[in-house]
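The values are calculated or read from the model by the stated rules, or taken from the named source; none is laboratory data. Nothing here was measured: the structure is a model prediction, and the numbers come from that model. Ideal geometry is used to build each Cβ from the backbone, glycine not excepted, and the neighbour counts take in all protein chains shown. Please note that ligands, DNA and RNA were not included when accessible areas were found on the heavy atoms of the full protein model with its side chains. Shrake-Rupley method; radii C 1.70, N 1.55, O 1.52, S 1.80 Å.
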Amino acid sequence: MTLADVKRGDKFQIEFIPDDKIRAQAMRFGISEGSKVICQEKIPGGPVILKRNLQEIAIGRKLAEKIKVGK
């Protein structure tokens, strides 16, 4: 399952971020492989908004389709 497949309110774990550059950028926001996050919102045709602790991060739809997640 990818990040693009999650629904609002789902809790899940990031399993795989495909690109080193994207992985480094996500780590700056406190998200890495193994992080447990919540789908705060999913904008139709737009980004997936993740919440971890008190921080919210918007991930573009095309990138979300490449990030593997598990429950």
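Please indicate, with yes or no, whether at least one residue in the stretch 16-36 is touching a Gly at 6+ places or on another chain (Cβ under 9 Å), over 12 Å from Leu63 (Cα atoms) and of a type outside the set (D, E, K, R). No - not one qualifying residue is present in the stretch 16-36. All but one of (1) open to solvent by less than 40 Å² (accessible area, probe 1.4 Å); (2) in a loop (DSSP other than H, G, I, E, B) hold for Val37; which doesn't? Result: Val37 fails condition (2) only.
With respect to the stated conditions, Glu15 is of a type in the set (D, E, K, R) and assigned to a strand (DSSP E or B).
Summed over the stretch 7-22, the residues that are under 11 Å from the mean Cα position of the chain (by Cα) and either open to solvent by 40 Å² or more (accessible area, probe 1.4 Å) or among the hydroxyl-bearing types (Ser, Thr, Tyr) (or both) give a count of 4. Filtering Ala4, Ala58, Ala26, Ala64 for residues that are in contact with a Leu (Cβ under 6 Å, 6 or more places away or on another chain) and either surrounded by 15 or more Cβ atoms within 10 Å (Cβ to Cβ) or of a type outside the set (Lys, Arg) (or both) leaves a single hit, Ala64.
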